[in-house]
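Okay, so here's the structure we're looking at.
The values are calculated or read from the model by the stated rules, or taken from the named source; none is laboratory data. Computed from a prediction, not measured in an experiment: that's the story for all the values here. Positions of Cβ are generated from backbone atoms using ideal geometry, with glycine treated the same way; all protein chains shown enter the neighbour counts. Only protein heavy atoms, including side chains, enter the accessible area calculation; ligands, DNA and RNA are left aside. Shrake-Rupley method; radii C 1.70, N 1.55, O 1.52, S 1.80 Å.
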Amino acid sequence: MQRWQALALAGVVVGTGLVPATAGAPPTMAAPPPCSEEPRENPITEFTSYDEMLVELDRIERVSAGRVAVEDVGGSNKGRDMMLARVGTGPKVVLITAEIHGNEKTGPDALLDILDYLGTSDSTTAQQIRDQVTVVAMPKINPDAGSLDRRGNDMTWQEVQSRFPQLATSPPPWNYITDQRQGDDYSQRPGFDVNRDYHPNLAYQPQPQDFPGSSDRPGWFISPETQTVRDVYTGLQAEFGAVDTYVDLHHQGACYTVPGTDRFVTMSLSGKFVADPNTPEGATFAEFADSYRPEYSKQLNVAAYNALQSAAERNPDFGNITLYPQDINLPGTGLGAFQLNGSGAVLFEVRGQTQTLGEQHREMLTRTVYIGLDGILSSIASGEVTQLDPAAYDQIPPTDRGQRTLQGTTDIEG
């Protein structure tokens, strides 16, 4: 029995206890409770460590009676195995990745719960998902960062240059971290924000003229972590013809609120990561115009949002869902690159990294991710997702990020 199942059977409502405004009543405008983004040392032992993940994947594979297959598909820069679990035999493949930033830890736990459910449940819903969908999950795609509990991986620019001799005289890329970031000192162990290392051209090889780059330009596939995810994606393309859906699980700031309320955002969603290649703004990627499916990405996000709003009847915190900022253009993310290649794409941004919240609200936040993923998988399996109104995506309330970050993202997320 999973943690959340035991709590539910016991009648426990897990969460912050913040109650949304009553339907039909004027929104509550009180100031939100005290909250801080100041980095600090917080306990993280309740989250699943890398070694614990290996044990849990082995257990899930054993008890699934052949439904779940686990394999090592690559290695991190420091040699940790990058694990993949696969369940289901359906024609539509859904790739889900988590913990590309090592201080964002609810995703791996939620993925392990999903795999356990799909591997062992004989429910009608679980069977329908297995029949109609092939779920491919990578719970920790930056295991070195996860072990260090920090955003960036563990790799020097010199290591990159040794692997790509053509970069011998190139400057380090803009996402190379050598200073303080979120309370972590990278001066002795530099690393990269590998969520900026993807490229829409999945066969791209690093070119000196593309460095140092910038946040609104593609990455380079210079890290073994992104190379492995890319190879998994292209392998699924070859097998299925297309990757129907890509979901990437992240965390964001801890102190954002639902507009017009004092309620902290539990999670933000997004299906927009790059400028539309059919428009002048997105003309740089015009070659992907025919494969880009923004309406399907919106439908997938609506499926997750609807599932969480339904769950809010049991715990109001599940209803505190907002839309992530839409004024972004990030082709160097996996979400941007894979969306341009034809996948419906969904971003989950859970409240707070380990440096701000630590283990606070861990059960509720992990369960939020689980419910959103289940909503997506169930709607794909039933075919309901294609009946959802994409316009409902634009009705999801935007995130109130305060005056300092009202319009854009910050350097601690995305």
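Being open to solvent by less than 50 Å² (accessible area, probe 1.4 Å) and either among the β-branched types (Val, Ile, Thr) or assigned to a helix (DSSP H, G or I) (or both) is true for just one of Gly146, Gly152. Which residue is that? Full working, then the answer.
Working: Gly152 fails: either among the β-branched types (Val, Ile, Thr) or assigned to a helix (DSSP H, G or I) (or both).
On inspection, the qualifying residue turns out to be Gly146.
The conditions of being outside any loop (DSSP other than H, G, I, E, B) and open to solvent by 10 Å² or more (accessible area, probe 1.4 Å) are not met by Gln339. Only one entry of Gln182, Gln128, Gln161 meets the criterion of being at pLDDT below 95 and of a type outside the set (A, V, I, L, M), and that entry is Gln182. Residues of segment 66-87 that are over 22 Å from Ile222 (Cβ atoms), of a type in the set (Gly, Ala, Ser) and crowded, with 24+ Cβ neighbours inside 10 Å: Ala85 alone. For Phe318, the stated conditions do not hold, so it cannot be described as surrounded by 18 or more Cβ atoms within 10 Å (Cβ to Cβ), of a type in the set (A, V, I, L, M, F, W, C), over 23 Å from Lys105 (Cβ atoms) and touching a helix residue (DSSP H, G or I) at 6+ places or on another chain (Cβ under 8 Å).
Residues that are in a helix (DSSP H, G or I), touching a Phe, Trp or Tyr at 6+ places or on another chain (Cβ under 9 Å) and of a type in the set (A, V, I, L, M) within segment 342-373 comprise Met364, Val369, Ile371, Leu373, listed in sequence order. Once segment 283-304 is narrowed to residues that are over 14 Å from Gln326 (Cβ atoms) and among the small types (Gly, Ala, Ser), the residue that is surrounded by the most Cβ atoms within 10 Å (Cβ to Cβ) is Ala304.
The set of residues in segment 155-204 that are open to solvent by less than 10 Å² (accessible area, probe 1.4 Å) and of a type in the set (Val, Ile, Thr) comprises Val160, Ile177, Val194. Of all residues in segment 306-341, exactly one satisfies the criterion of being among the aromatic types (Phe, Trp, Tyr) and over 15 Å from the mean Cα position of the chain (by Cα), namely Phe318. If I filter segment 204-213 for residues that are under 22 Å from the mean Cα position of the chain (by Cα) and at pLDDT 95 or above, do I get at least one hit? Looking through segment 204-213, none of the residues is under 22 Å from the mean Cα position of the chain (by Cα) and at pLDDT 95 or above. Scan segment 223-277 for residues that are under 20 Å from Val70 (Cβ atoms), buried (at least 21 other Cβ atoms within 10 Å of the Cβ) and aliphatic (A, V, I, L, M) and report the count. Counting residues in segment 223-277 that are under 20 Å from Val70 (Cβ atoms), buried (at least 21 other Cβ atoms within 10 Å of the Cβ) and aliphatic (A, V, I, L, M) gives 5.
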